[in-house]
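A short write-up of the structure that comes next.
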Amino acid sequence: MRNLKCNNNSHSNNPQQLAADIKTWGRELGFAQVGITDVNLKDQAQYFSQWLLKKNHGAMEYLMKNQELRYEPALLMSGVKSIIVCRMNYPVSRCDELAGYGEIAAYAKGRDYHKTMRKKLQLLAKKISQVVSGCDYRVFCDSAPVLEKALAVKAGLGWIGKNSLLINEQDGSYFFLGEIYLDLSLPVDQPLVSSCGACRRCLDVCPTKALQGDGCMLDARRCIAYLTIEYKGIIPCDLRPLIGTRIFGCDACQQVCPWNQIISIDQESILVFKQRFSALRLVDLFLWTKEQFLERTAGTVLRRIGYEGWLRNLAIALGNAPVCAEHRVALQARIDCESELVREHVCWACDRINAGQ
Ligand code: B12
Ligand code: SF4
Ligand code: SF4
């Protein structure tokens, strides 16, 4: 074990105390939970490569790259000995499932979580380096080849549910994960066993049947989160009706999960979001100009899909929403849109409306 050179006497040669303090500091920074694990992830290689072999990653080519960095954290940061895994809850609303309105996944409604998480992780890492002089660290949140869920399981933050997400007994699954790679050996936490039992709600509710092999194995090519966020091309015709009015991400397999029924709904954040988006009437969102899109999505993850992706998703949602004259007029106004991607989905939606769905 690397000798701790501490500026604070209470941590001198006392990794137990340091681990306990790291958890306290993490909670003070707003993390719901902090766990610690080692760097041994070699047993994950098989599962991950099987997933890729089945082409479940679709067009997310970056998942094919740097595979060994995922199972060997030392290749990402030389000298890493412990990994601190943090989770941060995000607020949830269930107020936008109305006819003619678009649905946006709860995680996307706040400020871009990458920034918030990174800031908190940096603060926690700095705090550690203040008490242990000369320690080295790197922080990650969705930013590098890191097996975030597998690390979180090892660090005792929850188990991987059949919906393929990390689930925590207290807080369900509505949270983000982030990590600090650290060159100090710390006492590790123990993993939890799965508590899904015989439940199959998420598998049954998934609109596109993307959850396969009794869950855990997710076919991203069918997942609405992938189709509406990560995938930039023409969405396969057979999947379009199944997307419904979801315009960014999907929460269906989380909404039904019994572990998510106890979480609190944050009214204040719903209000802030509603003010910013002035409600989510599909037709209003579809008529936004590019400038309005850029201005109103500033600082959020919605920006990631770009204006074309935004219009593509909205065209599908309009094609799936209950037929109304206002929708037909809005779609007609974009039938000659210069983007081929948008035109394709607008034509599909018009045909669907004309056929009365
Ligand atoms: C690519 C990606 C996606 C893809 C693929 C999702 C997937 N399930 O693989 C798409 C675009 C579909 C997606 C969607 C979503 N995502 Co995403 N995504 C990622 C990302 C960047 C990489 C995941 C990855 O590598 N997948 C490939 C598979 C093979 O790896 P894996 O799922 O990590 O599984 C490994 C281990 O966990 C293990 N394993 C998995 N299952 C099991 C089961 C058993 C029994 C065992 C033994 C092992 C095991 O094997 C794998 C190899 O080691 C992570 C961040 C990260 N770096 O991890 C976020 C992440 C998983 N996403 C997140 C979120 C919030 C979402 C959405 C909820 C967003 C939304 N509302 O629309 C949806 C949920 C869809 C779903 N049901 O999973 C959060 C999840 C938080 C949580 N509570 O788990 C993460 C962790 C981002 C973050 N930093 O917070 N995502
Ligand atoms: S996010 Fe939606 S589409 Fe993807 S697995 Fe869950 S329910 Fe299915
Ligand atoms: S819905 Fe049921 S099976 Fe799916 S993740 Fe939740 S507890 Fe597990």
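Overview of results
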| quantity | calculated |
| --- | --- |
| Inter-residue pairs, beta-carbon under 7 Å, first in the same structural domain as ALA325 (by TED's automatic domain parsing) and in the range 336-357, second of a type in the set (Asp, Glu) and at pLDDT 95 or above, 6+ apart | SER339/GLU308; LEU341/GLU308; VAL342/GLU308 |
| Where a residue in the range 154-183 is farther than 14 Å from CYS86 by Cα and its partner, wherever it lies, is near ligand 1 (Cβ under 6 Å from one of its atoms) and of a type in the set (D, E, K, R), with Cβ under 6 Å and at least six apart | ILE160/LYS149 |
| From ALA349, ALA330, residue being farther than 22 Å from GLN292 by Cα, in a helix (DSSP H, G or I) and among the small types (Gly, Ala, Ser) | ALA349 |
| Test: residue in the range 194-204 that is within 11 Å of ligand 2 (Cβ to nearest atom) and at positive phi | no |
| Any hit, the range 207-226, residues being more than 8 Å from ligand 1 (Cβ to nearest atom) and more than 30 Å from GLN170 (Cα to Cα) | yes |
| Boolean, VAL205 is surrounded by 19 or more Cβ atoms within 10 Å (Cβ to Cβ) and assigned by TED's automatic domain parsing to the domain that holds PHE31 | no |
| Subset tally (residues that are under 23 Å from PRO145 (Cα atoms), buried (at least 17 other Cβ atoms within 10 Å of the Cβ) and more than 16 Å from ligand 2 (Cβ to nearest atom)) for the range 169-190 | 11 |
| Filter result (within 13 Å of ligand 3 (Cβ to nearest atom) and closer than 21 Å to GLY213 by Cβ) within the range 146-172 | LYS149, GLY158, TRP159, ILE160, GLY161, LYS162, ASN163, SER164, LEU165, LEU166, ILE167 |
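The values are calculated or read from the model by the stated rules, or taken from the named source; none is laboratory data. Keep in mind the model is a prediction, meaning the values are calculated, not measured. Neighbour counts run over all protein chains shown; Cβ positions are idealised from the backbone, glycine included.
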